[in-house]
Each structure stands twice: as structure tokens, then as C-alpha cells.
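Here is the structure we will look at.
Nothing in this text is a laboratory measurement; each read-out follows from the coordinates by a stated rule. What you are looking at is a predicted structure, and each value in this text was computed from that prediction instead of being measured. Cβ coordinates were reconstructed from backbone atoms using ideal geometry, including for glycine residues, and neighbour counts include every protein chain displayed.
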Amino acid sequence: MAEGGELFDEIERRKYFTERDAADVISQLLSAIIYCHERGIVHRDLKPENILLDNTLSDKMRIKIIDFGTANAFNPLKKLRTTTGTAYYMAPEVLMKNYNEKCDVWSCGVILYILLSGMPPFNGKNDAEIFRAVRRTKFSFCSN
């Protein structure tokens with residue numbers, strides 16, 4: 001049981017994370033993704049809503065990745081072609097239907113950006129606008 005709730009809710013509560021707290025979360029997230037990738041599994045829908053916190057009261061939050069509904073086995077010699085995931089977190093290669101397991105690493109980068117700034121790097125009024133912004137891959141990190 002993850003009593004800390006979703007990472008998404010914790011971001012909303014804090015607005016943004018300290019560098020130390022963001023590093024702790026991302027370190028655990030990347031460790032879990034490496035574990036999956038070494039076993040031939042790509043998640044394809046990493047986002048704060050799919051990361052649960054064991055507890056928010058300890059010095060170091062422990063995370064758990066959930067919702068493997070879009071996860072898939074992959075062959076490192078073949079590209080994946082199905083467009084799946086959540087717009088804010090999708091890599092440009094996913095939108096081009098020519099990607100590999102590294103799409104999860106892109107999602108981790110977007111999550112890190114959100115942890116540090118409190119907002120997504122690519123925004124829009126709808127998925128089509130978000131996809132255009134992701135394809136351009138231009139963003140800025142403005143301080144609050």
C-alpha cells in the first residue's frame with residue numbers, strides 16, 4: 001500500500017521540488033526503468049500519475065511505478081511503431097512511430113523538468129498542440 005499517494009498530487013501540493021528531492025525521485029525512477037529495460041520491458045506511459053509514493057513523511061520518498069497497461073516487450077533490434085502514452089510525456093520518436101525503449105528516458109526527463117519547475121516543458125490547449133510543441137522540442141526553464 002502506497003500511503004503517500006501519487007507523485008502528481010505531491011507536485012501539486014509542493015508546487016515544485018528541491019533539487020535534492022527531485023534527484024532522489026529521478027534516481028529511483030531511472031533505476032526502475034533500467035531494471036525493466038534490462039528485462040526487455042518498455043513502460044511507454046511514465047507520468048507522475050503512474051508513480052506512487054510509499055510515504056511523504058520520511059526524509060527520502062520511496063516510489064513505485066504502476067500502470068503497465070501500455071507496457072510491451074521489446075526487441076533491441078526492432079523499432080516500436082504503436083503511438084501510445086500521454087501527450088505531455090511522449091517522446092518525438094513515439095509520435096513518428098519509430099522508437100525504442102529510450103522513450104521511457106524521455107518521459108523521465110519531462111518528469112524531472114516538472115519536478116523542478118512545477119510545469120510541463122511542452123504545453124498546449126489540446127493533444128495536437130502538445131504534440132506540435134514536443135516535435136519542435138524547444139523549451140525554456142524560467143525561474144519562478
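Numbers below:
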read-out: Against the rule of thumb 2.2 N^0.38 Å, how large the Cα Rg of the chain comes out; value: 1.03
read-out: Environment charge at GLU49 (Cβ cut-off 10 Å; Lys +1, Arg +1, Asp -1, Glu -1); value: -3
read-out: Kyte-Doolittle at least 1.0, axis length at least 18 Å by Cα - qualifying DSSP helices, the chain; value: 103-117
read-out: For the chain, the longest site-free run once trypsin sites (Lys or Arg not before Pro) in DSSP loop states with at most 16 other Cβ atoms within 10 Å are removed; value: 16-38
read-out: Residue pairs, from the table LYS97/LYS125; LYS78/LYS125; LYS15/LYS79; LYS47/LYS79; LYS47/LYS97, whose Cα atoms sit over 30 Å apart; value: LYS78/LYS125; LYS15/LYS79
read-out: Translational D in µm²/s for the range 8-88 (Stokes-Einstein at 25 °C, 0.890 mPa s, Kirkwood Rh from C-alpha pairs); value: 174 µm²/s
read-out: Over the chain: helical MRE at 222 nm, DSSP H runs n ≥ 4 each giving -39500 (n - 2.57), nearest 500; value: -12000 deg cm²/dmol
read-out: Whichever aspartates and glutamates have a C-alpha closer than 15 Å to that of LYS102, once near sequence neighbours (fewer than 8 apart) are set aside; value: GLU38, ASP45, GLU93
